[in-house]
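K.L.:
Handing you a structure now.
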Amino acid sequence: TYRVFNTTGIIETRNNIIKINNLYAKEYFKLANDFLNITLNSKDQCKIEAVLSSVEILNINKVCETDKIIREKYGLSNEIDIISYINKKENDDFKNFILREFKKEKVINILNLIKVRNDSEVFKLVTDQTTVPAIFEYILGIAWLYISEFKIDLLSSLNLTLDSSYYPLSYAAGGDGDIIINYEEPKKHKLMLEVTLMDRNTQKRGELEPVIRHSVNLGIESDENVYSIFVANELDNNVINIFRACNLLNLESSKNKGEYIKGAKIVALKIDEVIKLLEKDIHYKHIFENIENEFINDNIQRINSQWREKFVKNILILEKIANA
């Protein structure tokens, strides 16, 4: 029962304590407590709709009163959108949760455990309510939050469902990339992180087409530039070279036939290299500069296995950061 309640994102059940987690829901149910207090004979079996209609449950007056209470409680003027305020507060709460539960050293430790597939320890350190691939996606997102100096909205960027305590549960529905981050600086752009634990041979069958498709679709749908980083434990040279060559091709949307983009910008990193970025305290501004430079003057003759070695070497050189 605890697990079912947790999946709603509204009810939190930890350490045998049950509480309403969502800020708006807390205030609404406080107000509607007496209204929703229903007494039934223990022998009676009925659906909630037989007692209260959906109109009564979602009483518009209660919603308006809830809005008023929240505005008064948090000092919000009528010009401030309540939902935007709640989203920002939840994002801040999520960041505080990460700082408390997933310090950078712990994130590095978990990535090392994922790398060697010590699944039992990974479950102990994160959660046993989902799979290791989902945890990898979640932890990589947290790693990228550190790399981005906590300047991104990770909560909105993750394509995962989280429980009410912000632990991962499952992949969200839809055919989008794993993590899609909106950056305002150093330049306005989108970054898509695609993660996998597939080995080299399986990557050809399982990741090549989806990563390209997601990158192309996002690029066509976005007004700003889109970049993608493919992250895996090991990388197949043919796969990464095909990814790199995508910037030289006109590629068609899988959602809207007839719509094309002039190339998709995709690079690749190993888990080991992400760990080094964290250990060396290398930030996204430096990484982004090298991603941009990689695609400034494309030349099809230089797309071979050495392009990635040069790219990784550049982002891991601390001297370049000091002179930035």
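K.L.:
Could you calculate the FRET efficiency of residue 223 with residue 121 from 1/(1 + (r/R0)^6), where r is the beta carbon distance between them and R0 is 35 Å, rounded to 0.05?
P.N.:
Result of the calculation: an efficiency of 0.20.
K.L.:
Further question: Report D for region 253-299 in µm² per second (integer): Stokes-Einstein, Kirkwood Rh on Cα pairs, 20 °C, 1.002 mPa s.
P.N.:
For these conditions, the coefficient is 161 µm²/s.
K.L.:
Another question, if that's okay. So how do 77-88, 99-110 stack up, highest first, on mean other-Cβ count within 10 Å?
P.N.:
99-110, 77-88
K.L.:
How many nm separate the modelled label positions at residue 88 and residue 176, each set 7 Å beyond the Cα in the direction of the Cβ?
P.N.:
Label-label distance for residue 88 and residue 176, simple model: 2.2 nm.
K.L.:
Could you tell me whether region 158-227 comes out rounded, prolate or oblate from its Cα gyration tensor? Rule is a ≥ b ≥ c as square roots of the eigenvalues, rounded for a/c under 1.5, then prolate if a/b exceeds b/c, otherwise oblate.
P.N.:
Oblate, since a/c reaches 1.5 and b/c is not below a/b.
K.L.:
Would you mind getting me the FRET efficiency between residue 255 and residue 96? Use the beta-carbon distance for r and R0 = 41 Å, nearest 0.05.
P.N.:
Here the calculated transfer efficiency is 0.65.
K.L.:
Moving on to the next point. Compute the FRET efficiency between residue 306 and residue 276 as 1/(1 + (r/R0)^6), taking r as their Cβ-Cβ distance and R0 = 22 Å, and round to the nearest 0.05.
P.N.:
My answer for the efficiency is 0.70.
K.L.:
Can I ask one more? Go through 151/204; 30/68; 124/270; 88/190; 68/95 and tell me which ones have a Cα-Cα distance over 22 Å in this structure.
P.N.:
With Cα atoms farther than 22 Å apart: 151/204; 124/270; 68/95.
Throughout, read-outs are computed from the coordinates displayed, never taken from laboratory work. The structure presented is a predicted model; accordingly, all values stated were derived computationally and were not measured. Quick reminder, even Gly has a Cβ in these numbers, built from the backbone with ideal geometry, and neighbours come from all protein chains shown.
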